[in-house]
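Taking it in order: structure first as structure tokens, then the write-up.
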Amino acid sequence: MPAGDRLTIGVGFENITGSADELRTLAGWLDEVGASGVTIGIGRPDWVAFPWAAHPDTWAIKGRLDDRVRVAMDELGTSDSGRQRDTTLVIDVLAPRLIEEHPDEAGVSAGGERSDLFPGAAAYRDGVIGKRIVELCAATAERYRPDRIALTELILDQSFSGADLAVYRDITGNRDWPRDDDGDLDTDDPSLATFRSEVAAELAGRCDAAAAPHGVQTDVDVRAAWDDPSGNRDESGHDYELLLTRVDRLTVWNYFALNGRDPAWSEELTAGLRESQGREGVRRITVSVGLWADGDGDVAAYEDEERTMILTPDAMAEGVRASLSNGVTSVSVTPASRMTDQHWAALAALGFEY
């Protein structure tokens, strides 16, 4: 790969709770493929991988005396040559336990169905869940001092509760949800995208402000714009330009095999990002190649031992190559837990250097 291109590997919660030997094996592969960065999933605001003094009931792995986040950072954050890898600790903003405790903060679909996983817009803006996420960002930054903290799953599609309507009114000035000629909710109205994007950007900005005193930057995972790569996904709250005024970086989910695209489509995505974000903007974006596939398209994939469809090593490598185009210099592959020796070998053959 061209000098300066950066490879990050996405490490999930399932990896950091494994044995020390497993982490050392993973660290060896990071060296082998020339990974200059690693993202480490540390849990959710109601379920974390370290003993959080302010909320001891959230510790997900009670009985372990070692701090698994610290162990993972120590094992994976430094290359065999002694160079520090760019380390991002990832917070999943889903909150099933908090929603169970505070059912009024659940996300609500346009059809009135309540989510067990996704909070609503008001929960993120003014609720217990939003406050807990910001608190976790601050605690994580202070405790670990990673290069950055990332928010993932910040998706606001389910934002039609009564409390969400109050937030919508405040942001847009409209008295009611947008409606079509029959009086039904108009879920395609641009005002919903404005409302959701403002809420997402506000939360991201609060997390950034909480982490900044500890010298830690922030990142947000965003959906790719499949139908118009030069656009964004503001209908889910992912207005790229707005988010980049609040955080340091964005990670775009290029999960092409889940969305009916082949690996080569990745170059269309980066062309769209270059068109919309410009030369400097794309340098603040990581394109994340996900290994998952739906099994219905033409992309080469297979079913692994957990009966999940996974890209073949060659398809993964092709997606990575195509993602490093049009000025994009940072690519991620996720998740490490789904990678076989053949996937690692295919990545190593791409020639990243670190």
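Counting residues in segment 293-303 that are touching a Ser or Thr at 6+ places or on another chain (Cβ under 8 Å), free of Cβ contacts under 8 Å to residues at least 40 places away in the same chain, surrounded by fewer than 19 Cβ atoms within 10 Å (Cβ to Cβ) and of a type outside the set (Gly, Ala, Ser) gives one or more. Of ASP262, ASP239, ASP248, which residue is closer than 22 Å to ASP86 by Cα and of a type outside the set (Val, Ile, Thr)? Step by step, each of ASP262, ASP239, ASP248 is checked, and only ASP248 is closer than 22 Å to ASP86 by Cα and of a type outside the set (Val, Ile, Thr). Within segment 219-243, the residues that satisfy the criterion of being of a type in the set (Gly, Ala, Ser) and in contact (Cβ under 8 Å) with a residue 60 or more places away in the chain are SER236, GLY237. Selection over segment 314-350 of residues that are more than 13 Å from SER36 (Cβ to Cβ) and either modelled with pLDDT under 95 or assigned to a helix (DSSP H, G or I) (or both) gives a count of 20.
Under the condition of being closer than 30 Å to ALA35 by Cβ and either of a type in the set (Gly, Ala, Ser) or without any contact (Cβ under 8 Å) to a residue 60 or more places away in the chain (or both), the residues counted in segment 87-116 number 1. Would segment 209-223 turn up any residue that is touching a helix residue (DSSP H, G or I) at 6+ places or on another chain (Cβ under 8 Å), charged (D, E, K, R) and closer than 21 Å to THR286 by Cα? Within segment 209-223 (the criterion being touching a helix residue (DSSP H, G or I) at 6+ places or on another chain (Cβ under 8 Å), charged (D, E, K, R) and closer than 21 Å to THR286 by Cα), the answer is yes, since at least one residue qualifies. Are any of the residues in segment 13-23 part of a helix (DSSP H, G or I), touching a Phe, Trp or Tyr at 6+ places or on another chain (Cβ under 6 Å) and either free of Cβ contacts under 8 Å to residues at least 24 places away in the same chain or surrounded by fewer than 23 Cβ atoms within 10 Å (Cβ to Cβ) (or both)? For segment 13-23, residues part of a helix (DSSP H, G or I), touching a Phe, Trp or Tyr at 6+ places or on another chain (Cβ under 6 Å) and either free of Cβ contacts under 8 Å to residues at least 24 places away in the same chain or surrounded by fewer than 23 Cβ atoms within 10 Å (Cβ to Cβ) (or both): absent.
Of all the criteria given as (1) within 19 Å of the chain's Cα centre (by Cα); (2) in a loop (DSSP other than H, G, I, E, B), the one not satisfied by ASP66 is (1). When you look at LEU117, is it closer than 24 Å to LEU192 by Cβ and touching a helix residue (DSSP H, G or I) at 6+ places or on another chain (Cβ under 7 Å), yes or no? Considered against the rule, which asks whether it is closer than 24 Å to LEU192 by Cβ and touching a helix residue (DSSP H, G or I) at 6+ places or on another chain (Cβ under 7 Å), LEU117 comes out as yes.
Filtered by the rule that a residue be touching a residue at least 60 places away in the same chain (Cβ under 8 Å), within 18 Å of ALA138 (Cα to Cα), surrounded by fewer than 17 Cβ atoms within 10 Å (Cβ to Cβ) and not charged (D, E, K, R), segment 55-86 gives a lone residue, HIS55. I'd like the residue in segment 231-266 that is surrounded by fewer than 18 Cβ atoms within 10 Å (Cβ to Cβ) and small (Gly, Ala, Ser) and, out of all such residues, is farthest from the chain's Cα centre (by Cα). Per the stated criteria, the residue is ALA264.
Residue by residue, here is whether (1) closer than 19 Å to ALA141 by Cβ; (2) assigned to a loop (DSSP other than H, G, I, E, B); (3) of a type outside the set (Gly, Ala, Ser) holds:
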position: ASP31; (1), (2), (3): no, no, yes
position: ILE42; (1), (2), (3): yes, no, yes
position: ALA53; (1), (2), (3): yes, yes, no
position: ILE91; (1), (2), (3): yes, no, yes
position: LEU98; (1), (2), (3): no, no, yes
position: GLY107; (1), (2), (3): no, no, no
position: ALA110; (1), (2), (3): no, yes, no
position: ARG125; (1), (2), (3): no, no, yes
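Selection of segment 125-143 for residues being in contact (Cβ under 8 Å) with a residue 12 or more places away in the chain and more than 14 Å from ASP104 (Cβ to Cβ) yields ARG132, ILE133, VAL134, GLU135, LEU136, CYS137, ALA138, ALA139, THR140, ALA141, GLU142, ARG143. Across segment 158-203, the number of residues qualifying as hydroxyl-bearing (Ser, Thr, Tyr), outside any helix (DSSP H, G or I) and surrounded by fewer than 20 Cβ atoms within 10 Å (Cβ to Cβ) comes to 1. Any residue in segment 292-304 that is in contact with a helix residue (DSSP H, G or I) (Cβ under 6 Å, 6 or more places away or on another chain) and in a helix (DSSP H, G or I)? No: segment 292-304 contains no residue that is in contact with a helix residue (DSSP H, G or I) (Cβ under 6 Å, 6 or more places away or on another chain) and in a helix (DSSP H, G or I).
Sort through SER332, SER276, SER325, SER266 and tell me the only one that's under 18 Å from GLY12 (Cβ atoms) and touching a residue at least 24 places away in the same chain (Cβ under 8 Å). None of the others qualify; the one that does is SER332. The residue of segment 127-157 that is surrounded by the fewest Cβ atoms within 10 Å (Cβ to Cβ), among those that are assigned to a helix (DSSP H, G or I) and basic (Lys, Arg), is LYS131.
The values are calculated or read from the model by the stated rules, or taken from the named source; none is laboratory data. Given the structure is predicted, the values throughout are model-derived calculations rather than measurements. Neighbour counts run over all protein chains shown; Cβ positions are idealised from the backbone, glycine included.
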